[in-house]
């Protein structure tokens with residue numbers, strides 16, 4: 001009778017932790033950012049070249065908008081590439097389209113967990129978590145977390161870092 | 001003495017201003033004189049009010065006249081005691097003690113200035129108390145490993161930066177024949193770079209002059225300096241990574257440089273939570289044999305078997321492919337990178353901070369990926385560059401689990417009650433080596449077997465013994 005729960009626990013811990021992704025609001029935020037910058041550039045370009053006639057003005061505005069579209073396509077892929085996984089001993093963060101990066105940061109090595117939210121992020125009620133270790137290069141950053149998830153992750157990381165802390 | 005540094009400058013300023021003003025302005029001279037006197041008096045007062053005392057387990061340092069600053073430095077937490085002698089202090093036979101503690105760097109102690117013998121004696125006593133032995137125990141003798149000859153130091157510094165000047169000099173010489181205005185332009189560029197270069201050369205030579213490396217039970221001792229001298233200790237367990245650098249022109253002479261990254265402060269409390277690491281030269285220039293010996297001391301692990309990237313990496317990195325090598329075993333990761341500056345990095349897995357896998361667009365075409373094993377510091381890592389995808393994936397799994405078990409192992413051994421730390425490290429008896437007389441001084445297993453350890457002064461067994469960390473005397 002006693003053996004059964006143990007087996008269940010063992011089976012449970014051997015299951016890989018799920019890969020989680022940033023909130024879909026991050027994509028909306030990126031869209032807004034790209035659209036704002038793109039339309040501003042299109043306006044300026046259109047106004048500048050529009051003095052020589054309507055056709056070159058419209059053309060340059062269209063080019064600017066086309067580039068914005070391309071940027072959006074790239075941003076979409078980049079947004080979808082972000083994911084993270086909380087394993088038993090370390091946090092894994094995956095990101096990047098052209099340069100695909102996979103970072104593994106052991107909980108015992110975390111020195112501080114930064115939670116930041118810029119003005120645009122606050123507008124979308126999102127925040128970014130960044131882990132710092134003694135190595136400047138270890139870049140475990142997760143953007144676009146919803147407040148509940150960010151708080152949970154921060155608490156989780158802080159307590160794990162506390163229990164598994166290792167000295168230099 | 002801190003003020004002593006300012007006094008000569010002020011005196012020079014005084015002389016200069018007196019010379020330029022002549023007899024015209026006497027009041028300015030009076031103000032200058034007052035400034036000199038104030039600074040001088042402040043220095044003397046600072047020295048007068050600085051007091052220190054070593055009472056058993058703490059070193060107390062009190063300083064400051066208006067703002068009293070009393071520091072209690074627990075001797076048990078001492079990491080290293082450095083003896084620094086700035087130029088002016090050295091002229092007066094004085095020295096400064098810098099006491100580095102485990103933990104935040106803000107708590108480090110500075111004791112300036114003591115007379116030379118007092119400083120050396122205090123250092124020995126601090127270290128003896130730290131290792132739980134009788135304070136009167138002499139500091140174990142160092143075993144000198146290498147001394148950098150001045151000629152080689154100058155040559156290496158010139159070779160690493162001076163090469164750039166050869167084409168410039170040729171350009172000036174050629175242009176003088178052709179056109180004088182062009183020569184002036186190139187010459188002025190030459191002069192601008194030249195001044196910076198001379199400054200750099202001077203800095204490197206004056207700080208690395210007379211570089212001596214020695215091994216001691218508590219770490220690696222380094223003494224260096226031309227005008228001001230520094231004697232410092234690098235505690236071996238603070239070493240995060242070791243790098244062997246072989247620049248292109250140095251390889252002609254089989255020279256290399258050995259650098260270590262040392263954790264300065266661990267600390268959530270220190271420097272905004274970032275741990276301060278510093279890079280130190282363990283050997284500014286030397287032969288590979290000496291470097292290898294130092295590496296064996298600093299990283300006491302077996303060397304891993306190195307392997308090359310797959311042949312497809314030849315297309316991605318045609319120039320550096322022949323140099324790329326990397327490998328790891330249970331405790332250590334080693335990687336070689338670079339064509340012009342060949343760099344070999346050793347990162348003990350216990351010290352690994354994070355693990356990264358990067359796959360660039362070009363690498364993806366050839367089915368390659370790079371794995372970085374980061375250690376504390378800026379750009380400190382063992383780089384498994386251009387590995388096949390399967391190998392990179394298995395490296396990510398292996399290195400993560402190996403460094404985890406290495407960390408757990410270290411924590412387990414740290415929690416065990418252990419008498420003393422590094423002082424006792426050479427646990428083997430030196431008697432076998434007595435015939436040659438080469439065994440370095442230190443604590444070794446008692447040959448009589450009555451006590452845990454007995455102090456060996458390099459020639460004879462002494463009466464100093466220790467049992468489970470408690471010091472005592474018993475003649476052998």
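The values are calculated or read from the model by the stated rules, or taken from the named source; none is laboratory data. Since the structure is predicted, the reported quantities are computational estimates derived from the model, not experimental observations. Positions of Cβ are backbone-derived with ideal geometry, glycine not excepted, and every protein chain shown enters the neighbour counts.
General remarks:
- Filtering the range B:394-404 to residues that are touching a residue at least 12 places away in the same chain (Cβ under 8 Å) and more than 9 Å from every other protein chain (Cβ to nearest Cβ) leaves B:395, B:398, B:402.
- Residue within the range B:413-430 that is within 10 Å of chain A (Cβ to nearest Cβ), at pLDDT 80 or above and outside any strand (DSSP E or B) present: no
- Only one of A:89, A:121 that is in contact with a helix residue (DSSP H, G or I) (Cβ under 9 Å, 6 or more places away or on another chain), touching a residue at least 24 places away in the same chain (Cβ under 8 Å) and within 17 Å of residue B:403 (Cβ to Cβ): A:89
- Subset of the range B:352-382 [more than 7 Å from chain A (Cβ to nearest Cβ), surrounded by 23 or more Cβ atoms within 10 Å (Cβ to Cβ) and touching a residue at least 40 places away in the same chain (Cβ under 8 Å)]: B:352, B:363, B:368, B:373, B:382
- Filtered residues of the range B:317-371 (kept if at pLDDT below 90 and either in contact with a helix residue (DSSP H, G or I) (Cβ under 8 Å, 6 or more places away or on another chain) or in a loop (DSSP other than H, G, I, E, B) (or both)): B:317, B:318, B:319, B:320, B:321, B:322, B:323, B:338, B:339, B:340
- Residues of the range A:145-156 include none that is within 19 Å of residue B:374 (Cβ to Cβ) and more than 10 Å from chain B (Cβ to nearest Cβ).
- Qualifying residues in the range A:112-128 (those that are touching a strand residue (DSSP E or B) at 6+ places or on another chain (Cβ under 7 Å) and either assigned to a helix (DSSP H, G or I) or surrounded by fewer than 22 Cβ atoms within 10 Å (Cβ to Cβ) (or both)) - the one farthest from the other protein chains (Cβ to nearest Cβ): A:121
- Any hit, the range A:95-106, residues being buried (at least 16 other Cβ atoms within 10 Å of the Cβ), facing chain B (nearest Cβ under 9 Å), touching a helix residue (DSSP H, G or I) at 6+ places or on another chain (Cβ under 8 Å) and part of a helix (DSSP H, G or I): no
- Count of residues meeting criterion [in contact with a strand residue (DSSP E or B) (Cβ under 8 Å, 6 or more places away or on another chain), buried (at least 18 other Cβ atoms within 10 Å of the Cβ) and more than 8 Å from chain B (Cβ to nearest Cβ)] in the range A:157-168: 3
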